[in-house]
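Trainee: Sharing a structure below in structure tokens format, with a few things to ask.
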Amino acid sequence: MSLKSNQDHIHPFSLILKGILMGAANKVPGVSGGIVAFVMGFYEEFINSLQKFNLKAIKLFFNGRFKSFYCYVNGRFLTLLFSGMIISYFSISKLLDYLIERHELYVWSVFFGMIVGSILYIYKDFKSWNSKTIVFAFVGIAMGVSISFLNPATQNDHLWFVFFCGMISVTGMALPGFSGSFILILLGNYVLLLVDSVNVLFDTFVYLFSGDFSFMSDPNHIRLLKVLLVFTLGSIVGLVSLSHLLSYILKRYKNRTLALIMGFITGSLGVVWPWKETLFKQNEFGTLLMDSSGQPIIENYQRYMPEFNSQTMYALLLIIFGAAIVLGLDWYGKKRNKHI
């Protein structure tokens, strides 16, 4: 028995593009890949496809029934989606790193606007408000707000902790509004896992294609590859196990779960507030503390109200632009469905 994908009629490029957007969102602290899935209408299929990795799927695979296995786990949908995410990590995510480094305020403004747009999008289509869903929405808001007040930890490359980071960080793909990359900042391993190790993997492919195997004698290079492998395994385990839990909850408590998610997204706005100053850890002499990669260790973020100037005007316009992107996608999707 195969799982019929709701996305089977969609062009493969469209699914890859959605994966690219999810991957880019997962890379940015405060933004969730799950928001992309939620806003673009494939969140439930994504979760239901992942929860198909169960005992039946294992039996199909090890009995050599690969075609049945591929159909059962909605292979076309997941393969194209994850292909887009991989492309994103080695392309758009690097562009985001560049833009955040040089135009941080404007990048955060666009993301802030996109989240505001996603909030407007999901709230206006939610028709199941009652006393219980309202309570769950406020609980979600409280959870989202509380996360922004947590202090980041120091970097830790112990493999068991890296595996745990993988399991925790991947929740951003499964829970809209729950930023896995921001959780990695709080755990102290954002630079290690989403910057250094990803860049090392990219460098490894470059070395291999050029026939240069000197990296194999570099202990730091090998260490980062091990870290990335363990982090990936943790992410897979976390994503599949969490998808089973979420699929169960969505089937039985859909409206309450959606209300909780909407509240969480609303509460997470404080995390991506564009006007903030990064605070770095210092010793008693005022010297910046560095992690193993030589990057300053983030202590927290200090948010402030902006002064009214040209820079603020550009940022406000970008917030409107970010919201317009999400609402425009919603409008386009509804218009397109009317003609199908």
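Trainee: List every residue pair whose Cβ atoms sit under 9 Å apart, with the two residues 6 or more apart in sequence or on different chains, where the first one lies in region 222-236 and is polar (S, T, N, Q) and the second, anywhere, is buried (at least 22 other Cβ atoms within 10 Å of the Cβ) and not in a helix (DSSP H, G or I).
Mentor: Ser235/Val170
Trainee: Could you give every pair whose Cβ atoms fall below 7 Å, whose first residue belongs to region 38-57 and is farther than 16 Å from Ser118 by Cβ, and whose second residue is of a type in the set (Val, Ile, Thr), counting only separations of at least 6 or pairs across chains?
Mentor: Once the first residue is farther than 16 Å from Ser118 by Cβ and sits in region 38-57, its partners that are of a type in the set (Val, Ile, Thr) give Ser49/Val73; Leu50/Val240; Lys52/Val73; Phe53/Val73; Phe53/Val240; Ala57/Val73.
Trainee: Any residue in region 209-231 that is at positive phi and surrounded by fewer than 16 Cβ atoms within 10 Å (Cβ to Cβ)? Working first, answer last.
Mentor: Initial filter on region 209-231 (at positive phi): 211.
The next check asks that each one be surrounded by fewer than 16 Cβ atoms within 10 Å (Cβ to Cβ); those that pass are 211.
Checked region 209-231: at least one residue is at positive phi and surrounded by fewer than 16 Cβ atoms within 10 Å (Cβ to Cβ).
Trainee: Name every residue in region 247-288 that is part of a loop (DSSP other than H, G, I, E, B), at pLDDT 75 or above and in contact with a Phe, Trp or Tyr (Cβ under 8 Å, 6 or more places away or on another chain), in order of residue number.
Mentor: Result: Val272, Trp273, Pro274, Trp275.
Trainee: Let me ask something else. Sort out for me the helices (runs of 4 or more DSSP H) sitting completely within region 140-231 that have 1 or more residues that are farther than 23 Å from Leu245 by Cβ. Outline the logic, then answer.
Mentor: On the way: elements: 159-169, 171-174, 180-187, 197-209.
The helices (runs of 4 or more DSSP H) meeting that bar are 159-169, 180-187, 197-209.
Trainee: To continue, here is another question. Could you say whether any residue in region 164-179 is under 15 Å from the mean Cα position of the chain (by Cα), over 18 Å from Met85 (Cβ atoms) and either modelled with pLDDT of 85 or more or not hydrophobic (A, V, I, L, M, F, W, C) (or both)?
Mentor: Yes; the residues of region 164-179 include at least one that is under 15 Å from the mean Cα position of the chain (by Cα), over 18 Å from Met85 (Cβ atoms) and either modelled with pLDDT of 85 or more or not hydrophobic (A, V, I, L, M, F, W, C) (or both).
Trainee: Can you tell me how many residues within region 96-136 are modelled with pLDDT under 85, of a type in the set (Val, Ile, Thr) and over 17 Å from the mean Cα position of the chain (by Cα)?
Mentor: Qualifying residue count, region 96-136: 1.
Trainee: Another question, then. May I ask you to say which residue of Phe62, Phe42, Phe69 is over 29 Å from Ala315 (Cβ atoms), modelled with pLDDT under 85 and aromatic (Phe, Trp, Tyr)?
Mentor: Numbers: Phe62 fails: modelled with pLDDT under 85; Phe69 fails: modelled with pLDDT under 85.
Exactly one of Phe62, Phe42, Phe69 is over 29 Å from Ala315 (Cβ atoms), modelled with pLDDT under 85 and aromatic (Phe, Trp, Tyr), namely Phe42.
Trainee: If you check every pair at least six apart or on different chains, which have Cβ atoms under 6 Å apart with a residue in region 58-76 that is part of a helix (DSSP H, G or I) first and a residue that is at pLDDT 90 or above and of a type in the set (S, T, N, Q) second?
Mentor: Close Cβ pairs satisfying both conditions: Leu60/Ser68.
Trainee: Select from region 25-39 the residues that are at pLDDT below 80 and of a type in the set (A, V, I, L, M, F, W, C) and write down the one among them that is nearest to Trp331 (Cα to Cα).
Mentor: Residue satisfying both the conditions and the ranking: Val39.
Trainee: Given the criterion within 25 Å of Leu175 (Cβ to Cβ) and among the aromatic types (Phe, Trp, Tyr), identify the matching residue among Phe69, Phe82. Steps first, answer last, please.
Mentor: Details: Phe69 fails: within 25 Å of Leu175 (Cβ to Cβ).
After ruling out the rest, the residue left standing is Phe82.
Trainee: I would also like to ask the following. Here is a check on your reading of the model: is Arg336 modelled with pLDDT under 85, touching an Asp or Glu at 6+ places or on another chain (Cβ under 9 Å) and surrounded by fewer than 16 Cβ atoms within 10 Å (Cβ to Cβ)?
Mentor: Details: modelled with pLDDT under 85: yes; touching an Asp or Glu at 6+ places or on another chain (Cβ under 9 Å): no; surrounded by fewer than 16 Cβ atoms within 10 Å (Cβ to Cβ): yes.
Considered against the rule, which asks whether it is modelled with pLDDT under 85, touching an Asp or Glu at 6+ places or on another chain (Cβ under 9 Å) and surrounded by fewer than 16 Cβ atoms within 10 Å (Cβ to Cβ), Arg336 comes out as no.
The values are calculated or read from the model by the stated rules, or taken from the named source; none is laboratory data. Every value quoted in this text rests on a predicted model; they were computed, and no experiment measured them. Note that each Cβ is placed from the backbone with ideal geometry, even for glycine, and that neighbours are counted across all protein chains shown.
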